[in-house]
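What follows is a single structure, written as structure tokens, with notes after it.
The values are calculated or read from the model by the stated rules, or taken from the named source; none is laboratory data. What you see is a predicted model; the values in this text were computed from it and never measured. Don't worry about glycine lacking a Cβ; one is built from the backbone with ideal geometry, like all the others, and counts go over all protein chains shown.
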Amino acid sequence: MSGSEYTQVISRLIRDFETREMSHLHDLGERLAQSIISGHVVHVYDNGHMLNHELFNRAGGLALLAQLNITRPTITNIIVRRPSDTEPPSSLQDNHIDIALARFAIERSSMIPGDSLLIGSVSGRSPFIVELALQARQAGIHTIALTALRYTQSLPALHPTGKLLYQVADEMIDIQTEEGDASVHLDGLEEKIAPTSGIMATVAMWTLEVEIAQALLKKGVTPTVFRSVNYPDGPERLAAAHHRFAELGY
């Protein structure tokens, strides 16, 4: 019954999420819908393991979400005949690079004051993630943390301010994951297996998309929704959806 234990955990987490977050997501959907009608954009940056592929250009998904991609610079310079005596960067140096990158990302992005940025991070503790939220708020961008409250509250912060993501964002969506993410203990394994954050983050975001779409429809605005490209007219419908969104912005 180990496999069914995982589905039971997920079912429990979804029930808890619905109880604790549904009213908030309804209100947030209303506010984001009004922002979209006013010409603003909802951006998503995810530091997790699923949303970067799940939310965008997906059948049944809204075209109006804008993906924010940020890639940490890496340097590779291996010379096999020359032994390396270079010290690896300290965590303090890494933090400095991450904080500078977050500032640069906000400055060079297409976000403007009044836009919204949803930042996904289960632990919400990395200096980069916290600085991204701080810089976005300073630029007049509404920030929403998608994080696991019980988990993040058990961890020490790494940002120089001593803050975690949920403490610096304008508001938070608690995805209700298991502490430490994994959920099922098996005899013979030291660590639990089967993480919960990917599924819960996905549940949270699709729920929010439904609320945004419903709020737009109530205001007389029909958002662009992608249809499966696998239907016979799929490629044409996808192209038409992209064209409609480019004209209307929703």
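Remarks
- Candidates in the stretch 134-158 are the residues that are in contact with a Ser or Thr (Cβ under 6 Å, 6 or more places away or on another chain) and over 29 Å from Ser183 (Cα atoms); of these, the one that is surrounded by the most Cβ atoms within 10 Å (Cβ to Cβ) is Ala136.
- Condition broken by Ile173, with the remaining ones in (1) out of contact with any strand residue (DSSP E or B) (no Cβ under 9 Å at 6 or more places or on another chain); (2) not in a helix (DSSP H, G or I) satisfied: (1)
- Residue count for the stretch 3-52, restricted to those that are surrounded by 14 or more Cβ atoms within 10 Å (Cβ to Cβ) and not in a helix (DSSP H, G or I): 11
- Residues in the stretch 91-103 that are over 19 Å from the mean Cα position of the chain (by Cα) and not β-branched (Val, Ile, Thr): Ser91, Leu92, Gln93, Asp94, Asn95, His96, Ala100.
- The single condition from (1) closer than 26 Å to Thr224 by Cα; (2) of a type outside the set (Val, Ile, Thr); (3) at pLDDT 95 or above that Arg12 fails is (1).
- Of everything listed in (1) over 30 Å from Ile175 (Cα atoms); (2) aromatic (Phe, Trp, Tyr); (3) assigned to a helix (DSSP H, G or I), the single unmet condition for Phe245 is (1).
- Of all residues in the stretch 93-116, those satisfying the criterion of being closer than 14 Å to Val42 by Cβ and of a type in the set (A, V, I, L, M) are Met111, Ile112.
- Taking the criterion of being part of a loop (DSSP other than H, G, I, E, B) and under 17 Å from Leu64 (Cα atoms), the residues of the stretch 195-237 that qualify are Lys219, Gly220, Val221, Thr222, Pro223, Thr224, Phe226, Arg227, Ser228.
- Any hit, the stretch 104-114, residues being under 18 Å from the mean Cα position of the chain (by Cα), surrounded by fewer than 19 Cβ atoms within 10 Å (Cβ to Cβ) and modelled with pLDDT of 90 or more: yes
- Of Val229, Val221, all but one fail to be surrounded by fewer than 17 Cβ atoms within 10 Å (Cβ to Cβ), touching a residue at least 60 places away in the same chain (Cβ under 8 Å), more than 14 Å from Gly60 (Cα to Cα) and of a type in the set (A, V, I, L, M, F, W, C); the exception is Val221.
- A count restricted to the stretch 159-170 and to residues that are in a loop (DSSP other than H, G, I, E, B) and either crowded, with 22+ Cβ neighbours inside 10 Å or polar (S, T, N, Q) (or both) stands at 4.
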